[in-house]
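Each value in this text was obtained by applying a stated rule to the coordinates, not by laboratory testing. As the structure is a prediction and not an experimental result, all values here were calculated from the model. Neighbour counts are summed over all protein chains in view; Cβ atoms, including those assigned to glycine, are modelled from backbone coordinates with ideal geometry.
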């Protein structure tokens, strides 16, 4: 069974940093590109970042470019999202999802507030 | 960025009846390889989104065949036949042709 389990969320002040993790199991993680997709409270889905299977290709949404960094450790079957200079508008439920979003984690909440 | 426009915003359906949700993209989602990169997802209340349809008309694993997808290069339809109570939630179309991936704003399906 495919599982994606996110962690690392929480309440953080504006301007601070936070690092999310997503541990994958049930499939060959190193063969697949991965995404971070977020959903602000009561809102729709917003794609955040993508990383290819071997980390050669990385893309970001304009809203996070320069502040967020996506990375992965294939030996640990883990996807990361390093978030810096956080803003209130980054408050959302963050999902990790497989390359064509056929598998999603349960999401981890990030709240940016003073 | 490719804009995905969904309609209607919400739909109320009697169990056993059919429902259709439309999605339009601002650019053709037909790749030169012949694949149309539109996907449909359902987010049930309090849950993560789940894939229903991939590449416009292919049913994802475990999804009932009451769900079907169709369309052209820019206009797409998700049809739900014989709606059941478990189908309630928000339906999103998404394009995976190019980055940034973009999604429609969602269609809320309710049961009458």
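Looking only at residues of region B:71-84 that are in contact (Cβ under 8 Å) with a residue 60 or more places away in the chain and either within 14 Å of chain A (Cβ to nearest Cβ) or surrounded by fewer than 20 Cβ atoms within 10 Å (Cβ to Cβ) (or both), we find that the one that is nearest to residue A:62 (Cα to Cα) is B:79.
The test for being in a loop (DSSP other than H, G, I, E, B) and farther than 23 Å from residue A:42 by Cβ does not hold for residue B:100.
Say we look at region A:100-113 and pick out the residues that are under 13 Å from the mean Cα position of the chain (by Cα) and buried (at least 17 other Cβ atoms within 10 Å of the Cβ); which of these is farthest from the other protein chains (Cβ to nearest Cβ)? Before you say what the answer is, go through the steps one by one.
Going residue by residue through region A:100-113, those that are under 13 Å from the mean Cα position of the chain (by Cα) are A:101, A:104-110.
Add one more test, that the residue is buried (at least 17 other Cβ atoms within 10 Å of the Cβ), and what stays is A:101, A:104-105, A:107-108, A:110.
Working: A:101: 6, A:104: 4, A:105: 7, A:107: 6, A:108: 11, A:110: 16 Å.
Ranking the qualifying residues of region A:100-113, first place goes to A:110.
Selection over region A:34-47 of residues that are in contact with a helix residue (DSSP H, G or I) (Cβ under 8 Å, 6 or more places away or on another chain) and within 10 Å of chain B (Cβ to nearest Cβ) gives a count of 0.
The condition (being surrounded by fewer than 20 Cβ atoms within 10 Å (Cβ to Cβ), within 14 Å of chain B (Cβ to nearest Cβ) and outside any loop (DSSP other than H, G, I, E, B)) is satisfied by just one residue among A:94, A:59, A:50: A:59. Of the residues in region A:80-88, not one is more than 20 Å from residue A:114 (Cβ to Cβ), within 14 Å of chain B (Cβ to nearest Cβ) and not in a loop (DSSP other than H, G, I, E, B). Of the residues making up region A:64-74, just one is without any contact (Cβ under 8 Å) to a residue 24 or more places away in the chain and within 12 Å of another protein chain (Cβ to nearest Cβ), namely A:65. Taking the condition surrounded by fewer than 20 Cβ atoms within 10 Å (Cβ to Cβ), part of a strand (DSSP E or B), without any contact (Cβ under 8 Å) to a residue 60 or more places away in the chain and touching a strand residue (DSSP E or B) at 6+ places or on another chain (Cβ under 9 Å), does residue B:68 pass? So residue B:68 passes the test. In region B:85-94, of all residues being assigned to a strand (DSSP E or B) and more than 10 Å from chain A (Cβ to nearest Cβ), the one that is farthest from residue B:34 (Cα to Cα) corresponds to B:89.
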